[in-house]
Structures are given as C-alpha cells and as structure tokens.
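Notes to accompany the following structure.
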Amino acid sequence: MLELLDNIFRFGGVFCCLLIGALAMRDARCTLAAHLACLLSLTTASFLIVGTPGIAELFGLWVIPLKILGMVAPGALWLFSLSLFDDNYRLERMHLAVFGLFWLTGAASFPLYYMEYGVWPVMSPQALFHALEGSGAGFAITNFANNVLKFGMMAHMLFAAWQGRDDDLLESRRTFRSTFVVGGTIVVAIVVYTLSAGGSEPAVGVTVLDAVSSGAILTIVFYMLWNVIKIDSEWILGDLQQTEPKTPEILQEPADALDLVRLNDLAANATLLEQGLTITRLADIAKMPEHRLRRLINQHMGFRNFSDFLNHHRIEAAKNRLADAQERHTPVLTIAMELGYGSLGPFNRAFKERTGQTPTEFRRGFLGGIQPPTMQASTH
C-alpha cells in the first residue's frame with residue numbers, strides 16, 4: 001500500500017513538474033524566473049524519479065545523469081525562490097559559484113564510489129550515501145561541504161521569503177510568503193533527512209517517511225501549477241503577457257482619487273525621503289489603513305513592492321540634484337543620505353538599475369554637456 005501511494009505521489013509530481021516547465025517556457029520564456037522554473041521542474045522531476053525503489057536497477061547506467069540532475073534540485077529551488085520574491089533579482093557570480101560548488105560536491109560521490117568499488121553506482125541516492133559513509137576523508141569532506149551549502153541555501157531562501165514580506169505589495173504573493181516559509185521548512189527538513197541522514201542503515205522498500213516526502217513535494221508542485229495556470233500568476237513568473245510595467249488600474253472610487261492626491265502631496269513635500277521609512281510609517285503619516293495604502297500603490301500606481309516605489313521617487317530627486325550645477329561639489333554620499341539612503345551602496349545599485357549609470361557617471365555626463373559662457377575681451 002505504501003509503495004503504491006509513494007508511486008502515485010512521485011509520478012504525479014513528475015507530471016506536474018514537467019507541465020510547469022512547459023507552461024513557463026511557453027508563456028514567459030523571456031523572463032529569468034521562467035528559465036529558473038524550468039530548471040527547478042527538471043531537477044525536481046529527476047529527484048522524484050531516481051528516488052523510486054527499483055528504478056535505478058531498471059534504468060541501469062542511464063540513471064546516473066538523472067541522479068546528477070536530481071542532486072541539484074535544492075540549488076535550483078534556492079535560485080528560483082530568490083527570483084520569486086525579488087522583482088529586481090539578477091543572477092550574480094556569487095549565486096552561480098555557490099550553485100556550481102554545490103553541484104560539484106554532490107557529483108563527487110560518483111567518482112569516489114567508482115574508486116572505492118570499481119563500478120559505477122547504479123543505486124538510489126540514499127543507498128549511495130550509505131555505501132560511501134565512512135569510506136574515507138574524500139567523501140567526508142565533500143559530503144560535509146555539500147551539506148553546509150545545502151543548509152545555507154535553504155536558510156537563505158527562507159530568510160529572503162520572510163524578510164521581504166513587509167515591502168511586498170502583491171497581496172497574493174505576500175500571503176504565499178508565510179505559507180512558503182512554514183511549508184518550505186517542513187519539506188526541506190524531510191528531504192534533507194531522507195538524503196543525508198535517513199537512519200544508520202539504508203531503508204528497504206518504501207517507508208512512511210518516503211511517502212510523506214514525495215506527498216509533500218507533490219502538494220507544493222501542484223500548488224505552483226495551479227497558480228501558473230491561473231490568470232493572476234504573474235507574481236510567480238513575472239508578467240506573462242508583456243515586458244513593460246503593468247499599467248495602473250483606472251480609479252474607480254472617489255476615495256481612491258483623494259487618497260492618491262494625499263500620497264502625491266506627501267511625495268512632493270519630501271516625506272518619502274525620510275530615512276528608514278516603512279509602509280507602516282507612511283500609512284500613519286497619510287492617515288489611511290495600511291492595506292488600503294498597499295492597494296493604492298500597487299493597483300493604481302503600478303508598483304509591486306514598496307522599495308521600488310520609494311526608489312522611483314528618490315532616484316528622480318537624485319537625478320535633479322546631480323544635474324544641478326549649483327550642487328556640483330556636493331558629495332554623492334551626502335545626496336544619498338539626504339534622500340533617505342542609509343549608505344552609498346544601496347543608492348548606487350538603485351540608481352544604476354534605473355539609469356544604467358552610476359551617480360558619478362550621470363553627474364559627469366550631464367555637467368560635461370554644459371557649455372561655459374564665452375569670455376569677451378575688454379576694450380580700453
């Protein structure tokens with residue numbers, strides 16, 4: 001009974017994963033989130049397949065590529081979750097380096113097994129772990145490094161999901177963050193235990209833990225599939241229909257128009273330049289409920305998170321000051337601090353994201369185009 005249930009969960013999950021990958025590439029192939037969703041779908045499907053009892057013996061050596069692909073599923077989940085919760089996410093060298101190192105430390109178990117036993121490991125990942133346990137320093141080091149990276153990526157993933165909750169203006173994604181943190185913690189604990197601990201001896205057949213693990217994964221991928229199919233799924237893969245920012249909705253209620261006027265007045269009198277300004281603090285200043293302020297900024301102004309809303313106004317103010325010849329000797333750091341930034345780094349990043357230049361480059365280019373007045377020779 002457990003084996004049948006586990007197979008239903010596993011291959012149901014495989015089907016959902018492949019369908020998510022196909023839909024992502026069909027509807028949003030131009031976005032980074034779609035490519036990462038496709039990678040996560042393939043690695044998760046491979047993870048589910050190779051964990052099926054007896055599948056390794058059935059596939060023979062062909063199971064090894066699937067096992068190598070399935071091993072990086074936690075890394076793919078880490079990258080995809082970062083793109084899921086950060087509208088301005090970009091793949092950095094550090095992300096690629098961590099992902100590559102995680103893959104190498106996991107794949108190292110295959111040549112180590114070959115050197116130990118003289119044959120390639122045609123077995124499940126859990127059985128491979130038990131076969132190499134205590135085999136030498138090589139496996140101990142690579143396995144320790146792999147686990148450190150794995151736990152680090154999962155902790156960072158959950159932290160990123162929770163950290164950005166207050167700034168998120170998409171209510172469905174904001175609600176999902178809490179679910180993701182709780183559910184993600186449970187699933188990660190189960191999967192990590194299954195792969196890395198799993199008891200002192202390799203389990204024979206399907207255990208309750210195996211069925212719970214595959215069932216939890218199926219639940220998550222089915223939830224993701226449901227949201228990808230729904231029309232409002234752009235919070236998962238980015239805007240599925242266009243690359244331009246979402247057009248703000250037309251004001252339907254007189255109260256919305258008055259609230260928008262109030263918000264524009266606050267922007268004009270430099271309230272948005274207050275250092276450490278939060279959406280809760282702005283709601284108090286504007287004297288409106290926080291949920292109403294969130295909806296106003298998102299639906300009527302087109303912003304997906306509060307930081308983007310603040311940066312939009314602050315960077316516009318920065319451009320005006322940097323282009324002002326009277327302020328040509330004002331340090332960039334001073335301007336950044338006076339515009340509400342706590343340090344120069346976040347200001348530089350936000351400015352370059354929106355203008356393609358650093359503040360110094362922008363100032364140099366703008367002021368360099370100002371022609372000095374012609375000096376006329378005096379006559380005696």
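The values are calculated or read from the model by the stated rules, or taken from the named source; none is laboratory data. Note that the structure is a prediction, hence the values are computed from the model and not measured. Please note: Cβ atoms are built from the backbone with ideal geometry, for glycine as well, and neighbour counts cover all protein chains shown.
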Could you tell me how many of the residues in the range 23-58 are part of a helix (DSSP H, G or I) and either in contact (Cβ under 8 Å) with a residue 24 or more places away in the chain or under 21 Å from T219 (Cα atoms) (or both)?
24
Mind listing just one residue for me: the one in the range 53-80 that is touching a Ser or Thr at 6+ places or on another chain (Cβ under 8 Å) and over 21 Å from N143 (Cα atoms) and, of those, modelled with the lowest pLDDT?
A56
Determine which member of the set P74, P111 is part of a helix (DSSP H, G or I) and either of a type in the set (A, V, I, L, M, F, W, C) or crowded, with 22+ Cβ neighbours inside 10 Å (or both).
P74
Is it the case, given these coordinates, that S41 is closer than 30 Å to L132 by Cα, of a type in the set (S, T, N, Q) and either outside the structural domain of I141 (by TED's automatic domain parsing) or crowded, with 23+ Cβ neighbours inside 10 Å (or both)?
yes
Specify which of the listed residues (G118, G75, G70) is in the same structural domain as W162 (by TED's automatic domain parsing) and farther than 13 Å from L40 by Cβ.
G118
Filter the range 267-284 down to the residues that are among the aliphatic types (A, V, I, L, M), surrounded by fewer than 16 Cβ atoms within 10 Å (Cβ to Cβ) and assigned to a helix (DSSP H, G or I) and list them by number.
A268
What number of residues within the range 285-331 are crowded, with 17+ Cβ neighbours inside 10 Å, part of a helix (DSSP H, G or I) and of a type in the set (S, T, N, Q)?
4
Can you say whether I20 is touching a residue at least 24 places away in the same chain (Cβ under 8 Å), assigned to a helix (DSSP H, G or I), under 30 Å from S135 (Cα atoms) and among the aliphatic types (A, V, I, L, M), as far as the supplied structure shows?
no
